[in-house]
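Peer 1: Sharing a structure, written as structure tokens. Questions coming.
The values are calculated or read from the model by the stated rules, or taken from the named source; none is laboratory data. These numbers come from a predicted model, not from an experiment. For neighbour counting, all protein chains shown are included, and Cβ atoms are generated from backbone atoms with ideal geometry for every residue, glycine included. Surface areas here come from the heavy atoms of the whole protein model, side chains and all, with no ligands, DNA or RNA. Shrake-Rupley method; radii C 1.70, N 1.55, O 1.52, S 1.80 Å.
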Number of protein chains: 2
Amino acid sequence: MSMNKQQLAISVKKDEDISQWYTEVITKADLMDYSKVSGCIVYKPRSYEIWENIQKFLNDKIKKSGVKNCYFPLLIPESLLLKEEDHVEGFAPEVAWVDYGGDTKLGERLAVRPTSESIMYDSYSKWIQSYRDLPLRLNQWNSVVRWEFKHPTPFMRGREFLWQEGHTVYATQQEAIDEAHEIQGYYNDVYEELLAIPTTLGRKSIGEKFAGADFSLTVEPFNSADGKVIQGCTSHHLGQNFSKAFDITYLDKQQKKQYVWQNSWGLSTRTLGAMVFIHGDDRGIIQPPRVAVEKVVIIPLLFKGKEEVVLNKAYELQQKLESLGGVLVDSRSEYSPGFKFNDWELKGVPIRVEIGPRDIENNSCIIVRRDTNEKIEMKLDKINKDSISDILEEIHFTLYAKQKELQDSKTIEVNSYEEFKKYITQGYRCLVPWKETIESEDKIKEETGAKTSCLPFSHKDKDMNGVKCFFSKEDATCYAYFSKSH
Amino acid sequence: MSMNKQQLAISVKKDEDISQWYTEVITKADLMDYSKVSGCIVYKPRSYEIWENIQKFLNDKIKKSGVKNCYFPLLIPESLLLKEEDHVEGFAPEVAWVDYGGDTKLGERLAVRPTSESIMYDSYSKWIQSYRDLPLRLNQWNSVVRWEFKHPTPFMRGREFLWQEGHTVYATQQEAIDEAHEIQGYYNDVYEELLAIPTTLGRKSIGEKFAGADFSLTVEPFNSADGKVIQGCTSHHLGQNFSKAFDITYLDKQQKKQYVWQNSWGLSTRTLGAMVFIHGDDRGIIQPPRVAVEKVVIIPLLFKGKEEVVLNKAYELQQKLESLGGVLVDSRSEYSPGFKFNDWELKGVPIRVEIGPRDIENNSCIIVRRDTNEKIEMKLDKINKDSISDILEEIHFTLYAKQKELQDSKTIEVNSYEEFKKYITQGYRCLVPWKETIESEDKIKEETGAKTSCLPFSHKDKDMNGVKCFFSKEDATCYAYFSKSH
């Protein structure tokens, strides 16, 4: 849709009103639009293509590891969904139910998939008979519907979102546990290596884990701008909870019947929300270079009578950089260069190249980094795939380092509940010694709005001897990060 | 799931009972499984990965042409669906309706997307304002639900299927018409270049076109084995039917309001059904080499005491061929070589390599082509990416040529209704001079079970002067292919 300069401007600063800023920036950067269905959004090409890049990155890793993609039906009979108790309890209040096919009332109502455990494990119980059928490692890329009544936030929480769900089966628990960690590692790579977002790895507390899981592993980016952590994914070890409910067994080498060990793991378009929330600034979103749809935009400065020579040089540069992918020339004649600068900053293109008639005479051009706004003068004959790649990589590491620093500056270790409450109010993430119980977490949540994001691996092997819980003052069992969350 | 030799055997021959043959072959080749929801299938990894290969091929073409991918909500409010009359009439009887979110009855019921015209065009009417916003060319890869009550056939007709739906908008009709043909060309490439399936290109008759379209273009593979044509895709020129219903307008350069011109086009997992039906034989499916998940399977002949040397050579070959993708070693010790030959023939792997201790001594091995069963002795040091690629390409062209010949042998030009009825009964496809009317097509369908597949482009420019309709004996307006259809 055509825009004027007015429409490009964001009306609030990120640190003044981050919710309003987010709402404006995701629409104005043309990432999404609202639809006629409340809580369901349109993923416009810019966000969908970033998602495609994330898919490709993760797909390559899981396929290499031996996972295969497949597709299970969207609609799940109610009776299947009811098979695993904890599972039902978690999802039933949010299920969208299909009652009619055309004018015909269905014999049994069907759930629009909120997640696929039940329909997949029904098949698994048929498919798996012998130890030779294991491991079975399947994944689906699809969308799920959860009819939440909480306030939706595009990409972060909505009634439909895109994700992948991996569902794997092993003969032994150790293999399953190893895989849960392996997948958590890939998810961490998505955030750190691809999106330039620093994370914390750990396991979810018993109060925050997936209802049907023995334990849940997580990758948690922390948004220092509002002091809220983002649950970035989950990798669940399901133990034998589902294999017992769905009767998934195999005959071992001694012909003895055994229940299988299972995992499920998922990463969603929440990644896009994290990217916007964490890297975005008052000028718009920032596309991290390795996942960017548009990597370089070349803006020809079109002075009367010199249009052709400048445009030709712009297209020549574009061709030279073609193999990078995502190199554009903004040749629109109806907009001023200033408008275009704003427009592409809003859309977060990592590198802008400005080129005018004078520059061409001097064999030079100006390169502007989206992340730092730094202007670099560069000889035209020095612009090539390698030199631009180098800058893109620099941007990646700069983005990462900046966020790491911000995260660290808003993270603090505290030992008392008084300190804790003070820092939580100020938007900090608190590392605390804790006696892990559902009750204490509920209480803390109620009193402060903060809950655990994870029990970090970095502190897993700490000696807890004599260490007291910051809340109960009893013997602590672990270290945990508490903060507000998205 | 572990299988024995018995379970691998197909109980009927393709030319005896093609429906039964199809049902057996798709399950035994491990392409799909049935689910607890009638009419909805599980796409197992082998079929899903072939679909991924088709996606990649088509995606590259449409992205290069300027189409962008996106994602619109799964659930569509009833009021939106009702906006275009012809459209509603076509889909309403088959819509799966969501009435409840959890325990809450929805204010307006929501359709599980049967196709996305209505929800996309609602957004288009907001997004498009000026000629500068055109063309708009978006595509979605998703699944759609159509609650059909006809007998389902996996991949061919079911209540949920995977597809892509392109929805494009132009300022002028000519641009839109040109694109409809361009897309039809890409679809034809999917069949001919990727799946090795010969096709016929044309437009659908007025009785068979999409209800909301001015005209529909199609690519029609013909299955000579049962004399039934398969509608392989459609590329619709929607004219201004939807732009008027959804009020999609733009201001032209003279600031005059104009209705846009639109297309929609789709290709589905029906491609997989066509692949199985057309190439499959009494031994199983045949994966066309360019789209095959498994291209080469190496079977080590494991004689006692020589296992290691044979296995090592097998893995060495695998590594040599790695860059081809899809090269397997079947090292399972619990199965005989004969079992493995049958198993991989059933699953349609284009090339089998047999290698035993004697072969290694002679620096040779046996290569078996799945399509012709031809055995080729090859020196081990001659096996490399190029030599195997050459054979894979030969298989592609052989598969294509075979089907072309079969198609031609079952296609006949007739001029009288008597001849027509005789040949249709015998499983022929008939090319006829026809006066195109909805009434005559309905009558012919009723009397013979045959309808038009398309009005072929090959006969578009024929001089119709003095040519009489095979059915009505009035002046013919075109040539058409009639046959039974899937």
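Peer 1: Scan the range B:249-281 for residues that are over 16 Å from the mean Cα position of the chain (by Cα) and charged (D, E, K, R) and jot them down.
Peer 2: Result: B:Asp252, B:Lys253, B:Lys256, B:Lys257, B:Asp281.
Peer 1: Report yes if A:Ile18 is open to solvent by 20 Å² or more (accessible area, probe 1.4 Å), hydrophobic (A, V, I, L, M, F, W, C), away from every other protein chain (no Cβ under 11 Å) and within 21 Å of A:Thr153 (Cβ to Cβ), otherwise no.
Peer 2: yes
Peer 1: Can you pull out the residues in the range A:21-69 that are open to solvent by less than 10 Å² (accessible area, probe 1.4 Å), in a helix (DSSP H, G or I) and more than 10 Å from every other protein chain (Cβ to nearest Cβ)?
Peer 2: Across the range A:21-69, the qualifying residues are A:Trp21, A:Tyr22, A:Val25, A:Ile26, A:Ile50, A:Ile54, A:Leu58, A:Ile62.
Peer 1: While we're looking at this one, here's another question. Within the range B:50-76, which residues are in contact with a helix residue (DSSP H, G or I) (Cβ under 8 Å, 6 or more places away or on another chain) and within 23 Å of A:Leu31 (Cα to Cα)?
Peer 2: B:Ile62, B:Ser65, B:Lys68, B:Asn69, B:Cys70, B:Tyr71, B:Phe72, B:Pro73, B:Ile76 - these are the residues of the range B:50-76 that are in contact with a helix residue (DSSP H, G or I) (Cβ under 8 Å, 6 or more places away or on another chain) and within 23 Å of A:Leu31 (Cα to Cα).
Peer 1: Given (1) open to solvent by 10 Å² or more (accessible area, probe 1.4 Å); (2) modelled with pLDDT of 95 or more; (3) touching a Leu at 6+ places or on another chain (Cβ under 9 Å), identify the lone condition not met by B:Leu302.
Peer 2: Here B:Leu302 meets the rest and fails (2).
Peer 1: Okay, next question. Are any residues in the range B:357-370 open to solvent by 70 Å² or more (accessible area, probe 1.4 Å) and of a type in the set (Asp, Glu), and if so, which ones?
Peer 2: B:Glu361
Peer 1: If you don't mind, another one. For the list (1) surrounded by fewer than 21 Cβ atoms within 10 Å (Cβ to Cβ); (2) within 14 Å of chain B (Cβ to nearest Cβ), I need the number of the one condition that A:Val309 fails.
Peer 2: (2)
Peer 1: Do the conditions hold for A:Tyr259, that is, is it surrounded by 19 or more Cβ atoms within 10 Å (Cβ to Cβ) and among the hydroxyl-bearing types (Ser, Thr, Tyr)?
Peer 2: Spelling it out, it is not the case that A:Tyr259 is surrounded by 19 or more Cβ atoms within 10 Å (Cβ to Cβ) and among the hydroxyl-bearing types (Ser, Thr, Tyr).
Peer 1: Right, here's the next one. Could you identify the single residue in A:Gly284, A:Gly305, A:Gly326 that is more than 30 Å from A:Gly185 (Cβ to Cβ), under 24 Å from the mean Cα position of the chain (by Cα) and not assigned by TED's automatic domain parsing to the domain that holds A:Val219?
Peer 2: Result: A:Gly284 is the single residue among A:Gly284, A:Gly305, A:Gly326 that is more than 30 Å from A:Gly185 (Cβ to Cβ), under 24 Å from the mean Cα position of the chain (by Cα) and not assigned by TED's automatic domain parsing to the domain that holds A:Val219.
Peer 1: Among the residues of the range A:169-191, write down those that are open to solvent by less than 40 Å² (accessible area, probe 1.4 Å) and among the acidic types (Asp, Glu).
Peer 2: A:Glu179, A:Asp189
Peer 1: Which residues, counting only those in the range A:441-461, are assigned to a helix (DSSP H, G or I) and either of a type in the set (Ser, Thr, Tyr) or open to solvent by less than 10 Å² (accessible area, probe 1.4 Å) (or both)?
Peer 2: A:Glu441, A:Ile444, A:Thr448, A:Ser458
Peer 1: Next question, about the same structure. Based on this model, can you work out whether B:Thr234 counts as in contact with a strand residue (DSSP E or B) (Cβ under 6 Å, 6 or more places away or on another chain), over 18 Å from B:Gln262 (Cβ atoms) and more than 14 Å from every other protein chain (Cβ to nearest Cβ)?
Peer 2: The answer is no for B:Thr234.
Peer 1: Against the conditions (1) under 29 Å from A:Gly185 (Cβ atoms); (2) open to solvent by less than 70 Å² (accessible area, probe 1.4 Å), where does A:Phe420 fall short? Just the number, please.
Peer 2: A:Phe420 satisfies all of (1) under 29 Å from A:Gly185 (Cβ atoms); (2) open to solvent by less than 70 Å² (accessible area, probe 1.4 Å) except (1).
Peer 1: Working only within the range A:371-388, note down all residues that are within 30 Å of the chain's Cα centre (by Cα) and open to solvent by 10 Å² or more (accessible area, probe 1.4 Å).
Peer 2: A:Asp371, A:Thr372, A:Asn373, A:Glu374, A:Lys385, A:Asp386, A:Ser387
Peer 1: Now, a different point. Is it the case that some residue within the range A:192-201 is over 17 Å from the mean Cα position of the chain (by Cα) and surrounded by fewer than 24 Cβ atoms within 10 Å (Cβ to Cβ)?
Peer 2: No, the range A:192-201 contains no residue that is over 17 Å from the mean Cα position of the chain (by Cα) and surrounded by fewer than 24 Cβ atoms within 10 Å (Cβ to Cβ).
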